[in-house]
Amino acid sequence: MPVGEHYRFVVCSEAAGRVPSTTGSDIDPPAGLDSEPAAPSATCTWNVPHRLAKEVLTMRIIRFSDASDGGSVFSELELTFPERDFDQFGGTYQLSKALNPTCAVIVDLPSELDQSWHVAPDRQFVILLTGCLEVETTDGQTRRWNPGDIFMADDTSGKGHRTRVVDGPVRLVFMRMPANFDVQSWSAEERPS
């Protein structure tokens, strides 16, 4: 086995000598590993690099949405990465379920931006590129995001939220989602934040 790689056991129910991938195509066991199962049976066990092990990653995304009282509230989406793919160099990467935005725009918010109560113009994922942005919901809760962070603005009716640039200018991407986007089936679960 190569020195310095992290290894984990993977059990598969495929024919000996193959590791199933979630994309539907099998790959050969990594170089240096036996192509025969550890024990004669219908299953096979290999000591394979961590990058090939079956593990589902998760990521939390803050969402603010309409509350039953006409206000807005924060919650957390737990996003899973159930899809796996392999590149031509032997690397493995994991993907979330696909998103199909209606459009995406890049926005520049000035340093002095301090908006009063307003609703999101569309259901949208927001990805910060530069600066620091703060949002307040009607229950008095605030959250801040920095470059590389993503959140979902999903309060399209009611009183809405307040937005303030903390460190600007802020550049961000709005990925506008269709009105019928089912956020619960896209993410693993949602909980109060």
For Val135, state whether it is modelled with pLDDT of 95 or more and assigned by TED's automatic domain parsing to the domain that holds Glu76.
-> yes
Evaluate the stretch 112-120: report whether one residue or more is part of a strand (DSSP E or B), aromatic (Phe, Trp, Tyr) and modelled with pLDDT of 90 or more.
-> yes
Counted residues in the stretch 90-111 being farther than 30 Å from Pro178 by Cβ, within 24 Å of the chain's Cα centre (by Cα), without any contact (Cβ under 8 Å) to a residue 60 or more places away in the chain and part of a loop (DSSP other than H, G, I, E, B) come to 1
Pull up the stretch 83-111, narrow it to residues that are at negative phi and out of contact with any strand residue (DSSP E or B) (no Cβ under 8 Å at 6 or more places or on another chain), then point me to the one that is modelled with the highest pLDDT.
-> Asn100
Say we look at the stretch 117-131 and pick out the residues that are within 13 Å of Arg63 (Cα to Cα) and among the aliphatic types (A, V, I, L, M); which of these is surrounded by the most Cβ atoms within 10 Å (Cβ to Cβ)?
-> Ala120
Is it true that Gly140 is part of a strand (DSSP E or B), at positive phi and at pLDDT 95 or above?
-> no
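The values are calculated or read from the model by the stated rules, or taken from the named source; none is laboratory data. If you're wondering where the values come from, they're calculated on a predicted model, not measured in any experiment. Every residue, glycine as well, gets a Cβ built from its backbone with ideal geometry; the counts of neighbours run over all protein chains shown.
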